[in-house]
Amino acid sequence: PAASICLESMVALVYRGRSHEVGSVSTVAELLAHARATFALGEEAFDVRLLAKGKQLNAESPMPVDGGWSKVMVMATSRQSADELNSSRADPTVRGFAQEDQAEQLRKADLLGTKLCPDWGAAQDTQYRFSRLDAVSWQEFGHRPGSQTPHSFAARQLLEKLAADPGIVALMRTRELVVGVLGEMDPIDDRLMKAKRGEGGDLLGYNTNHGQRIDIKLRTDDLTGFMPYPQLVETLIHELAHNWIGPHNRLFWTLFAQMRVEYLHEHMRIAASGTLVDGVSTAARAGVHADCVGGLELIVRSVLRGLAAEIGAEMAASLEPAVREHCEYISAETGRTERGRMLGGAASAAASPPTATERAMTHGDSPLDPRARAAAAAETRAAAAANNAASADPEGSAQAGRGTDTQ
């Protein structure tokens, strides 16, 4: 219980530079009431605390017998301000202790040249990779975004997730792809996007100079969030296909479909091995569990369904033989490798499908430039599928485009 001895001397209540002397009081509760009344700090609107000699006072704090309090500090916090702060979004520029530990681990990994992505517990391939990631900051937007707009740090984390996606990593290694920059497309002021919409379409990404730079539209039109991850991956694969073929003709869509097969097959392979990341399969993390975990036939149907949405059911059906053949080929290649590997482990590269160079050397092909070998392989498979198709190519020749290729 609080002591009921009255103060023998005056006490000065100090609040925001204002001072008020209080006569004899018997309890801290009375002193608190004096502070609220003197400085108009209503109980419903403010949370008030008293400090004396560096210690917080409460209702049970004893009053000094010798009048030892000459000054009592009054601290008040608006309840409305506290509620707004508690309900506001955490500042992404301020790291918590767990994030600091994670950042330290990533820093150590980066010194070794293998920066791990926490979403996958794995890193990009050390050779076939995106050399730089470039997110758009709010200063680059057409106008300053609102409070619900994801920070550029979140956009960079999403780019890191895309770059280190095991399906993308396997695809880039197999096809020996190196991209200069993987960047975020300006969601507001991009002139190419506006031009595309003027033609009745919607620009989701573009490839500059056959892989020098690939930009992806990450954010929704209202800037309140990001596009669905599976859609972002599909757009990225689309733009990677433009590294070889510019126009959207039959050869391009055949290549795109084969790359989609490789992406889904890798996630299916990892799921079959039992590898999990924080208790979740990579297919589930990528949002493609329903598209690949269930066998090769499920992958074929998923790829053809996506093609039908892009180019129509008739043309998609004409590409089905090429899709099935490539699916069987990838399955046969990966069937010879070890299973049950850990993501990012030393056996990661050995367990992946062979690269274009390795396939060329295995079959006794001449040591051509890696890009030329990959392009030749894609053209051979696509040409075979085109010859077997019932309809002729409706979009002209397969000559690669120049400059910037857009989706």
- Can you run phi through the Karplus equation (6.51, -1.76, 1.60; θ = phi - 60°) for region 253-260 and list ³J(HN,Hα) in whole Hz, with x for Gly and Pro? 5, 5, 4, 4, 4, 5, 5, 5
- Item | Solvent-accessible heavy-atom area per residue, rounded to whole Å², over region 213-273 at 1.4 Å | 21
- Message: I need the phi-derived Karplus couplings for region 38-50: 6.51 cos²θ - 1.76 cosθ + 1.60, θ = phi - 60°, integer Hz, Gly and Pro marked x.
- Response: 5, 9, 6, 10, x, 5, 6, 9, 10, 9, 10, 10, 10
- Task: Take peptides 47-60, 294-307 and line them up by average Cβ neighbours within 10 Å, highest first, as a rough protection proxy.
- Result: 294-307, 47-60
- Residues whose built amide H sits under 5 Å from the amide H of Arg219, excluding neighbours closer than 5 in sequence, are Met227
- Message: Going by amide H atoms built from the backbone, whose H comes under 5 Å of the H on Cys117, apart from near neighbours?
- Response: Ala122, Ala123
- Task: Name the residue farthest towards the positive end of the dipole of region 208-337 from the options Leu276, His248, His289, assuming +1 on Cβ of Lys and Arg, -1 on Cβ of Asp and Glu, about the Cα centre.
- Result: Leu276
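The values are calculated or read from the model by the stated rules, or taken from the named source; none is laboratory data. Keep in mind it's a predicted model, so treat the numbers as computed, not measured. All Cβ positions, glycine included, derive from the backbone under ideal geometry; neighbour counts span all protein chains shown. Keep in mind that these areas ignore ligands, DNA and RNA; they rest on the heavy atoms of the full protein, side chains included. Shrake-Rupley method; radii C 1.70, N 1.55, O 1.52, S 1.80 Å.
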